[in-house]
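Asks: Structure provided below as C-alpha cells; questions to follow.
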Amino acid sequence: MKTAVIYWSGTGNTEAMAQAAAEGANAELFAVSDFSGNAADYDAFAFGCPAMGAEVLEEDEFEPFFTGIEGSLAGKKVLLFGSYGWGDGEWMRNWYERTKAAGAVLIGDEGFIVNEAASDEDLAKLKELAAQLA
C-alpha cells in the first residue's frame, strides 16, 4: 500500500502535524509545492492545510492542487488535518464534505483539527488516525 502525506504550512503548525501523520502511516511526506506524483500511484492520502482567511483552504497553492486531485480520490482512504486560529472549524467541515462527495473513504468523523500548535497528545492522536491509512 502506497501512502502520501501532502500539506501546506505557513507557520509550521501544519508541517509538524504532517510529520506525525507520515510517521503514523509510514508514508511519503511532501509539501504541496514539492508533490509532482500522480494520484493514481497512491492508495491513500493524508492532506493537511490550515484555515486561511474566512475559513478556507490556502488559496495560492493548496486549493488549486486539491481541486486538481479531488477527482482522483474515489475509493481511496483519505485523512484530512490542519490547524486554525479563529472561527469554529468551518473550513474543515466544508473540506470533509467536499472530499466525501468526491468518493473518498474518509478516516475520522470530521477531519482532525487543532487550535494553533498541536500538543504532544494531539500529535499522538493524529499518528493513531494516520495508521488507519495503511
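The values are calculated or read from the model by the stated rules, or taken from the named source; none is laboratory data. Being a predicted model, the structure only gives us computed values, none of them experimental. Using ideal geometry, Cβ is built from the backbone for each residue, glycine included, and neighbour counts are taken over all protein chains shown.
Asks: Consider region 90-134. How many of its residues are more than 12 Å from the chain's Cα centre (by Cα), at positive phi and either buried (at least 17 other Cβ atoms within 10 Å of the Cβ) or basic (Lys, Arg) (or both)?
Replies: Counting residues in region 90-134 that are more than 12 Å from the chain's Cα centre (by Cα), at positive phi and either buried (at least 17 other Cβ atoms within 10 Å of the Cβ) or basic (Lys, Arg) (or both) gives 0.
Asks: Scanning for something of a type in the set (D, E, K, R) and over 20 Å from THR11 (Cβ atoms), does region 73-84 turn up at least one residue?
Replies: The answer is yes; a qualifying residue exists.
Asks: Quick one: in region 62-74, which of the residues that are under 14 Å from PHE30 (Cβ atoms) and touching a Cys at 6+ places or on another chain (Cβ under 9 Å) is surrounded by the fewest Cβ atoms within 10 Å (Cβ to Cβ)?
Replies: Only one residue tops the list, namely PHE66.
Asks: Something else about it: What number goes with the only condition from (1) surrounded by fewer than 19 Cβ atoms within 10 Å (Cβ to Cβ); (2) modelled with pLDDT under 95 that TYR84 does not pass?
Replies: The one condition TYR84 does not meet is (1).
Asks: Out of all the residues in region 67-113, which are charged (D, E, K, R) and out of contact with any strand residue (DSSP E or B) (no Cβ under 7 Å at 6 or more places or on another chain)?
Replies: GLU70, ASP88, GLU90, ARG93, GLU97, ARG98, ASP109, GLU110
Asks: Could you run through region 21-43 and say how many residues are at pLDDT below 95 and part of a loop (DSSP other than H, G, I, E, B)?
Replies: 3
Asks: Right, something else. Restricting to region 1-25, and then to whatever is touching a strand residue (DSSP E or B) at 6+ places or on another chain (Cβ under 7 Å) and of a type in the set (S, T, N, Q), can you tell me which residue is surrounded by the most Cβ atoms within 10 Å (Cβ to Cβ)?
Replies: Per the criteria, the residue is THR14.
Asks: Do we find that ALA46 is crowded, with 17+ Cβ neighbours inside 10 Å, in a strand (DSSP E or B) and either of a type outside the set (Asp, Glu) or at negative phi (or both) in this structure?
Replies: Answer is yes for this residue.
Asks: Could you tell me whether any residue of region 91-113 is basic (Lys, Arg) and without any contact (Cβ under 8 Å) to a residue 24 or more places away in the chain?
Replies: Checked region 91-113: at least one residue is basic (Lys, Arg) and without any contact (Cβ under 8 Å) to a residue 24 or more places away in the chain.
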